[in-house]
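The values are calculated or read from the model by the stated rules, or taken from the named source; none is laboratory data. The model shown is predicted, which means the values in this text are computed figures rather than measured ones. Cβ coordinates were reconstructed from backbone atoms using ideal geometry, including for glycine residues, and neighbour counts include every protein chain displayed. Note: accessible area is taken over every heavy atom of the protein model, side chains too, but ligands, DNA and RNA are not part of it. Shrake-Rupley method; radii C 1.70, N 1.55, O 1.52, S 1.80 Å.
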Amino acid sequence: MVAVQSRLDRLVRPTFGRHLLFALGAAVVLLLLSSQIGAYDDYNLTAVAIFAVAAAGLNLLTGLNGQLSLGHGALMAIGAYTASLLLKDHHQFPVIVVLLAAVLSTGVIGIGFGYAAARLRGPYLAGATLTLAVAIPQVATRYKSIFGGESGLTVAPSSPPDWLGADFPPERWLAWIAFAAAIVTMVLLANLLRGAPGRAFKAVRDNEAAAALAGINVARTQVLAFVVSAACAGLAGALLAYWTGVTAPAGFTLALSLQLITAIVIGGLGSLAGAVWGSLVLVFVPLLTSGMASRLSLPSSVADNLPLAIYGCILVIAMLVAPHGIQGALRRILAYGRARWGNTPGGGQKGVVDWDDPAPDT
Amino acid sequence: MGELSRPTLEVVDLKIRFGGILALDEVSLRIDPGEVVAIIGPNGAGKTTLFNAVCGFVRPDSGRINYRGEPLLGTAPHRLARLGIARTLQGLGLWPGLTVQENVVAGSRVRPGLLPSLLALPSSDRIEAELASKAHEILDRLGIAGHTRAYPGTLPYGVQKRVIIARALMAEPSLLLLDEPVSGLSAQDIDELAALIKQLRARMCVAVVEHHLDFVMAISDRVIVLNLGRVIASGTPKEIRDDPQVATAYLGEDVKSPEASSDA
Ligand SMILES: Nc1ncnc2c1ncn2[C@@H]1O[C@H](COP(=O)(O)OP(=O)(O)OP(=O)(O)O)[C@@H](O)[C@H]1O
Ligand SMILES: [Mg+2]
């Protein structure tokens, strides 16, 4: 019994072991879940995973490093177009190659924008990234021969490997790809955030002068946050290309960037789990509200707009009830529970809600 | 080698102008190894500006700054920690989003690299563990080890001021610049900090900007008085106390408005 305990301890004590265990747990749960549900739900869960990747990256940049970006939709477009250019005309590339290419291309572009962003603050940064959001779809429209103009590029789907059987649903296969990408992303981000880079991101956000005096290169830290964040957006974009089957400028408007910001604010700024909660809200709440609206027999002028109105109301109420997002509310409940029913490990701080912390393990 | 006679910090004819204000006017001073030097002067005298120039936050119009005989001007602020210079900011300057422990650990010059952190390699775990225990040691010495997991905003002001010093000590500096370390502290806290600085002097030079004169007189080997951007006096605490020029420029004013500069 003691031997088992100590072996478990040795496995979990190192960060790597702990995060790997978490990843395996998540993989098993998602694998089981995806084979229990139908193709339609798999399709929706894939969207959650895609948004979670992009939102986690944005949360690192905005929540933890304090740089607001209105351009993450455009960065997703760069990833999506990278994937689509590789896959157009029925070219076949292994999924992993396509995804890595998207990460790489967006990451490299992220370096350039990161340097520009590191010189800008607040509204100026928002303005610059807004330019990105507006310009990228324009580029795709303008250079029609490469990017396919308004109608976009069709993406060859990734078909399930033969060993899964002939009638394996392609939706489930894509869900698996997205889950794997999301889990790997979360583990790598969690590694970053719990160590020195995570401290540097927050230190720069909280007080740049103090960060510099502690030996942290402020500009380099901001560029790093931008690059990591952009790479996540690129990965999500490439997955999105597979998911929609077609990459067109209309899919990457400013609205997409705003959706991602909504996701991290609702989910909880600065936490990876918050990015997941936010993505769940982003995907399932609109489905829910349009379902509700269609069940009522209303004139179409009302029925068409009602879901959006309800969605908006839900977001407003959520922000009133949980100003620190879903993750913040969960932590508050957890802290309350601990205070109420004893069991406070290591003399937990009463009234301290560290909604700021990345919590990959929760 | 002349290592000992070389000043740790040497400022020569430093001039800094902000628009119409001459914040520093031909300021020269030196701090020798093992010294605790206090820099005093009324509000707006240019004390913080002097620190800002040393740390590369403002570019002087003319003059030189040498650190251990090497020119310091043009060095980016984030490189100073590596050179052995640590500074606390006037007011607080903690990171509210980091726990006390993280605040202190982040002050270290040693930190795991990006790739080891990204992949959570055992080496990064090992370095993190070492940093955590070193931070704990320092916090313990400052008597605030019980607060490691708290966020600074939840702690009393006196504890927060100690955390700032703990962060600076984490870098094991050879030159420690403290900007108003005791403003807003209780008498007992001030005595404890004075005792700490006396201990530190075996290992590093300390330059303290401070308005609290009893504290200044208790800790310093030498006092430099700035007024309107100029050095108006320099000497032992006793000499400064007896200097009539200082009394009119600074001490007289201080009597009229004690603690005028406590931070908002
Ligand atoms: N970045 C800046 N831009 C413009 N003026 C400045 C700047 N920094 C300082 N000053 C001015 O330079 C003068 C010296 O300021 P400094 O902050 O060095 O004073 P101080 O001696 O630290 O005063 P205190 O005791 O109030 O902290 C003041 O008149 C101040 O207004
Ligand atoms: Mg000052």
(request) Please specify each residue of segment B:220-264 satisfying the condition of being within 12 Å of ligand 1 (Cβ to nearest atom), at pLDDT below 80 and assigned to a loop (DSSP other than H, G, I, E, B). (result) B:257, B:259, B:260, B:261, B:262, B:263, B:264
(request) Kindly provide the set of residues from segment B:58-98 that are among the aromatic types (Phe, Trp, Tyr) and either without any contact (Cβ under 8 Å) to a residue 40 or more places away in the chain or at the interface with chain A (Cβ under 9 Å from one of its Cβ atoms) (or both), ordered by number. (result) B:95
(message) With the requirement that a residue be near ligand 1 (Cβ under 9 Å from one of its atoms) and open to solvent by less than 10 Å² (accessible area, probe 1.4 Å), what does segment B:1-22 give you?
(response) B:16
(message) Among the residues of segment B:29-57, what is the count of those that are open to solvent by 10 Å² or more (accessible area, probe 1.4 Å), more than 9 Å from ligand 1 (Cβ to nearest atom) and not acidic (Asp, Glu)?
(response) 5
(message) Just the residues that are farther than 9 Å from residue B:167 by Cα and not basic (Lys, Arg), please, taken from segment B:102-113.
(response) B:102, B:110, B:112, B:113
(message) Please go through segment B:67-96 and give me each residue that is open to solvent by less than 20 Å² (accessible area, probe 1.4 Å) and away from ligand 1 (no atom under 16 Å from the Cβ), ordered by number.
(response) B:67, B:72, B:80, B:81, B:84, B:85, B:86, B:94, B:95
(request) Return the total of residues in segment A:184-204 being of a type in the set (A, V, I, L, M, F, W, C), more than 7 Å from every other protein chain (Cβ to nearest Cβ) and open to solvent by 30 Å² or more (accessible area, probe 1.4 Å). (result) 1
(request) For residue B:166, state whether it is under 23 Å from residue B:78 (Cβ atoms) and either in contact (Cβ under 8 Å) with a residue 24 or more places away in the chain or touching a Cys at 6+ places or on another chain (Cβ under 7 Å) (or both). (result) yes
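Yes/no matrix, rows are residues, columns are (1) within 14 Å of ligand 1 (Cβ to nearest atom); (2) surrounded by fewer than 21 Cβ atoms within 10 Å (Cβ to Cβ):
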position: B:165; (1), (2): no, no
position: B:171; (1), (2): no, no
position: B:175; (1), (2): no, no
position: B:178; (1), (2): yes, no
position: B:187; (1), (2): no, yes
position: B:202; (1), (2): no, yes
position: B:205; (1), (2): no, no
position: B:209; (1), (2): yes, no
position: B:217; (1), (2): no, yes
(request) Name every residue in segment B:12-50 that is free of Cβ contacts under 8 Å to residues at least 40 places away in the same chain and more than 16 Å from ligand 2 (Cβ to nearest atom), in order of residue number. (result) B:19, B:20, B:30
(request) Residue by residue through segment B:166-198, note down the ones that are within 16 Å of ligand 2 (Cβ to nearest atom) and away from chain A (no Cβ under 14 Å). (result) B:180, B:181, B:182, B:183, B:184
(request) Could you please give the count of residues in segment B:139-165 that are within 14 Å of chain A (Cβ to nearest Cβ) and within 18 Å of the chain's Cα centre (by Cα)? (result) 6
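Let's see how each residue does on (1) open to solvent by less than 30 Å² (accessible area, probe 1.4 Å); (2) within 14 Å of chain B (Cβ to nearest Cβ):
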| site | (1), (2) |
| --- | --- |
| A:206 | no, yes |
| A:224 | no, yes |
| A:230 | yes, no |
| A:246 | no, no |
| A:253 | no, no |
| A:257 | yes, no |
| A:286 | no, no |
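Among what's in segment B:97-117 and is surrounded by fewer than 18 Cβ atoms within 10 Å (Cβ to Cβ) and part of a helix (DSSP H, G or I), pick the residue that is farthest from the chain's Cα centre (by Cα).
B:115
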(request) Taking residue B:183 as meeting all but one of (1) of a type in the set (Ser, Thr, Tyr); (2) in contact with a Ser or Thr (Cβ under 7 Å, 6 or more places away or on another chain); (3) open to solvent by 50 Å² or more (accessible area, probe 1.4 Å), write down the number of the exception. (result) (3)
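Taking helices (runs of 4 or more DSSP H) that do not extend beyond segment A:63-171, which have at least 2 residues that are in contact (Cβ under 8 Å) with a residue 60 or more places away in the chain and open to solvent by 70 Å² or more (accessible area, probe 1.4 Å)?
Those helices (runs of 4 or more DSSP H) span A:95-118, A:122-142.
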(request) Among the residues of segment B:219-245, write down those that are buried (at least 21 other Cβ atoms within 10 Å of the Cβ) and within 16 Å of the chain's Cα centre (by Cα). (result) B:219, B:220, B:223, B:224
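Check every one of the helices (runs of 4 or more DSSP H) wholly within segment B:120-219 and list those with 1 or more residues that are more than 22 Å from residue B:110 (Cβ to Cβ). Step through it out loud before you land on a result.
Values: elements: B:122-141, B:157-170, B:187-200, B:213-219.
Result: B:157-170, B:187-200, B:213-219.
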(request) Could you tell me which of the residues B:58, B:27, B:54 is aliphatic (A, V, I, L, M) and either more than 20 Å from the chain's Cα centre (by Cα) or within 30 Å of residue B:142 (Cα to Cα) (or both)? (result) B:54
(message) Checking the conditions here, which among B:53, B:76 is more than 16 Å from ligand 2 (Cβ to nearest atom), of a type in the set (Gly, Ala, Ser), within 23 Å of residue B:204 (Cα to Cα) and outside the structural domain of residue B:151 (by TED's automatic domain parsing)?
(response) B:76
